[in-house]
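The values are calculated or read from the model by the stated rules, or taken from the named source; none is laboratory data. In this text the structure is predicted, and so the values were computed from the model without any measurement. Here the Cβ positions follow ideal geometry from the backbone for every residue, glycine too, while neighbour counts run over all protein chains shown. The area values use the complete protein model at the heavy-atom level, side chains included, leaving out ligands, DNA and RNA. Shrake-Rupley method; radii C 1.70, N 1.55, O 1.52, S 1.80 Å.
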Amino acid sequence: MPYTAESLQRRFRCTLEPGERCLYVWTRHWIILVRRAGWLLVLLGLILGGGWLWIHGMEPGERSVPELLVLLLGLIVGIYILYAYVDWRNDALVMTDRRLLHLERVILLFQSQQETGLDRVQNVRVTVPGLLGTLLEYGEVRIETAARGSDIVFGPVPRPRQVQDAILARVLELRAAFSEQRMREVVQRARAPRDRGATRDSAQPAPRRTRFRLLPPNPLVEGERIVWHKHWIFLVVRIFLPVVLLLGLLILGFAVFLPHRAPATLWALWAFGILALLLTIVWRYQVWLGDVYEVAADRIHDIYRTPFGLFGETRRSTDLGRIQNITYEQPGLLAVLFRYGNVRIETAGAEDLTFDHVPNPADVQRTIYQQQEVYRRRQQEKQWQEVLALLRMYHEAEGEPPE
């Protein structure tokens, strides 16, 4: 059946963009499930069959403990079989009308999503592993992109050559439709009054300044500038021990020192400890606050600002146009429960960037792709505007009035 946005979210935790349609969903071939759970089914049969023979020869009063043991062992193996089945169903290759998504999910332990735009696909290769793959019609699909090390590999899938044909057909269709649509838009804007664009630009409101908050918005959106901090749980980890020690000193001072009239030396040490812990908490908060990831109109930045700017800042940047692939992962149970993860940005020729421990990594990935798409459209429109300007100059040189 065709997948809707709701069914994709429910089964694979995959969120589509507004107006995006799911075209195909390919899951792994059933041979993978057989390899993972086949021996477990055999083991379950041996446990139940052997347990029945064992219990059948006993007296009725002696069967309670063996029955409980056989039931417990069968339940454990059955849970493993169910887990293997659910894990097999959670992996998928999804093609929408805009992009390809490779989804990998291990329940409560790991989740990753690798995606690429269909316009970045250069080739699709199919590998059928031997005679069994030919007979059962399964194989591996490799989607090659322009980025180094960012190919999407998924399989084995049923009828891999049909998967290959469907992807390549959509890639060619999308390229042709996109180029024609964008050229029409550029020509229409070029023929329209020039002051219309200026009026639209001047009507945009200036971004509002955000007031100070202990935990700033994550992400912080200011016009075309989007800033992410690490997840708040990593701030808690940084300041947890100093806060506990600070509370302990406060309790010690007001519950022990004050009633027993401690000497001035102890009060001086107590005050020094309070001050030192307060400074430690503020310093570690500033370390967390200064470690940010930013996407601007044309560039993406990984920024580390030292506390209070005492030692400057370190900035790693790359153009949005150089980004070739973006993947994310949520490693471990805590990452899944608290919804944080790592987003890896692979670039063409430049140093790769990694947004570590950001909240909602799927949203971060999608936002970067959206910003990159806006940037690419602007660059392409700029090139076409230059072509139109050359055509105007040509008509003027020939003595023809430009359209």
Query raised in the report: Can you pull out the residues in region 22-42 that are open to solvent by less than 60 Å² (accessible area, probe 1.4 Å), among the aliphatic types (A, V, I, L, M) and part of a helix (DSSP H, G or I)?
Result: I31, I32, L33, A37, L40
Query raised in the report: Considering L41, L82, L101, which residue is free of Cβ contacts under 8 Å to residues at least 12 places away in the same chain and closer than 30 Å to W26 by Cβ?
Result: L82
Report task. Report yes if N342 is part of a strand (DSSP E or B) and at pLDDT below 85, otherwise no. Result -> no
Report task. Output yes when any residue across region 56-77 is in contact (Cβ under 8 Å) with a residue 12 or more places away in the chain, farther than 28 Å from Y3 by Cβ and open to solvent by 100 Å² or more (accessible area, probe 1.4 Å), and no when none is. Result -> no
**Report entry** Every residue from region 88-117 that is in contact with a Lys or Arg (Cβ under 7 Å, 6 or more places away or on another chain) and either at pLDDT 85 or above or surrounded by fewer than 17 Cβ atoms within 10 Å (Cβ to Cβ) (or both)
**Finding:** W88, N90, D91, M95, T96, D97
Query raised in the report: Looking at (1) within 29 Å of L353 (Cβ to Cβ); (2) open to solvent by 40 Å² or more (accessible area, probe 1.4 Å); (3) of a type in the set (D, E, K, R), which is the one condition that is false for K230?
Result: (2)
Query raised in the report: What do you reckon, is G51 over 21 Å from the mean Cα position of the chain (by Cα) and either modelled with pLDDT under 85 or surrounded by 16 or more Cβ atoms within 10 Å (Cβ to Cβ) (or both)?
Result: yes
Query raised in the report: Quick one: T318 ticks every box in (1) within 25 Å of the chain's Cα centre (by Cα); (2) in contact (Cβ under 8 Å) with a residue 40 or more places away in the chain; (3) under 23 Å from D119 (Cβ atoms) bar one, so which box is it?
Result: (2)
Query raised in the report: Could you say which residue among A335, A348, A296 is among the hydrophobic types (A, V, I, L, M, F, W, C), under 22 Å from Q113 (Cα atoms) and buried (at least 16 other Cβ atoms within 10 Å of the Cβ)?
Result: A335
Requested in this report: Give E6, E17 a once-over and let me know the one that is out of contact with any helix residue (DSSP H, G or I) (no Cβ under 9 Å at 6 or more places or on another chain) and acidic (D, E).
Outcome: E6
Requested in this report: Go through the residues of region 365-382 one by one and say whether even a single one is open to solvent by 40 Å² or more (accessible area, probe 1.4 Å), at pLDDT 90 or above and either in a strand (DSSP E or B) or not basic (K, R) (or both).
Outcome: no
Report summary line: Among (1) free of Cβ contacts under 8 Å to residues at least 24 places away in the same chain; (2) outside any helix (DSSP H, G or I); (3) loosely packed, with under 15 Cβ neighbours inside 10 Å, H301 falls short only on (3)
Requested in this report: Have a look at G45, G19 and point out the one that is in a helix (DSSP H, G or I) and surrounded by fewer than 13 Cβ atoms within 10 Å (Cβ to Cβ).
Outcome: G45
Report summary line: Y138: passes all of (1) over 23 Å from E20 (Cα atoms); (2) of a type in the set (S, T, Y); (3) modelled with pLDDT under 85; (4) touching a His at 6+ places or on another chain (Cβ under 9 Å) but (3)
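This table checks each residue for (1) surrounded by fewer than 15 Cβ atoms within 10 Å (Cβ to Cβ); (2) small (G, A, S); (3) assigned to a loop (DSSP other than H, G, I, E, B); (4) at pLDDT below 90.
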residue: L214; (1), (2), (3), (4): yes, no, yes, yes
residue: R238; (1), (2), (3), (4): no, no, no, no
residue: L241; (1), (2), (3), (4): yes, no, no, no
residue: L246; (1), (2), (3), (4): no, no, no, no
residue: A276; (1), (2), (3), (4): yes, yes, no, no
residue: Y285; (1), (2), (3), (4): no, no, no, no
